[in-house]
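Okay, structure first, notes after.
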Amino acid sequence: MSSAIPIDRSEPDPGPLVLLVEDERSIAEPFASALRRAGFRAELAATGEDAIALTRDRQPDVVLLDLGLPDLDGRVVCRRIRAESEVPIIMLTASGALADRVLGLELGADDYVVKPFAVQEVIARITAVLRRGRLGGDYPRQLVVQDLRIDTGARRAWRGESELDLTRKEFDLLVRLAREAGSVVTRETLMSEVWDENWFGSTKTLDVHIGWLRRKLDDPAEQPVYIRTVRGVGFVLQPQQPGDSGPRQSPAR
Ligand code: CA
């Protein structure tokens, strides 16, 4: 037997660390207590600059980010955090306007919640983004479809020699389609796997993101080289260029 006495590690696992960025104490403090009761660790930031610094120093598992902060616009904070971290970001917004939602997602947020929100709803969203973060172990790290190459580990993608500048959701969509290139991936599958497993409702967000992805792939919806729409069903990432039947058949004769 070794003489080294193992350190007692029987303490319960510390829960995931949530950084709550919210300047209104009347919201932030009860919310932080509710998170702690639900088994999370919670830290508070009341300004955008604090949020950026704490994300860097404390490496939270999730950031809950209020849009309306005293120093910086929440969207700026989101972009700055995203520039240096892949941490899931859930936006807290007072406005249900679609523009804010889409912009939030375009900036790299993973989800959003409209105020006033129920704490249980936010906790469900946190659990969902954490679960999504753990998915994806059973697939090859490199995916190649036509001249697209995707490194799922590094979260980078290339078309030919040029690297694609994709948002988080665009990248996730591309990966999901590439994993089953040649098969239709239904709208419902994309919504539930790329957005939320409890997704229920409109798939407008999906069309918006597919549109952005197509633009970055230089892929016209009417004559697609990559992403073909199967109307009313979903989308296919085509394994070959249309008209290219793969290995050339030698002409008869
Ligand atoms: Ca606020």
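What follows is calculated from the coordinates using simple rules that are stated; it is not laboratory data. This is a predicted model, so every value here is computed, not measured. Glycine also receives a Cβ, built like all others from the backbone with ideal geometry; neighbour counts cover every protein chain displayed.
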Problem - Cα centre as origin, Lys/Arg/Asp/Glu Cβ charges: the range 17-131 dipole, Debye - result: 340 debye
Practice task
Grab the beta carbon distance between Arg25 and Val208, set R0 = 41 Å, and tell me the FRET efficiency rounded to 0.05.
Solution key: 0.70
Fill in the blank from the handout: Given a Förster distance of 30 Å, the FRET efficiency implied by the Cβ-Cβ spacing of Val233 and Arg56, rounded to the nearest 0.05, works out to 0.10
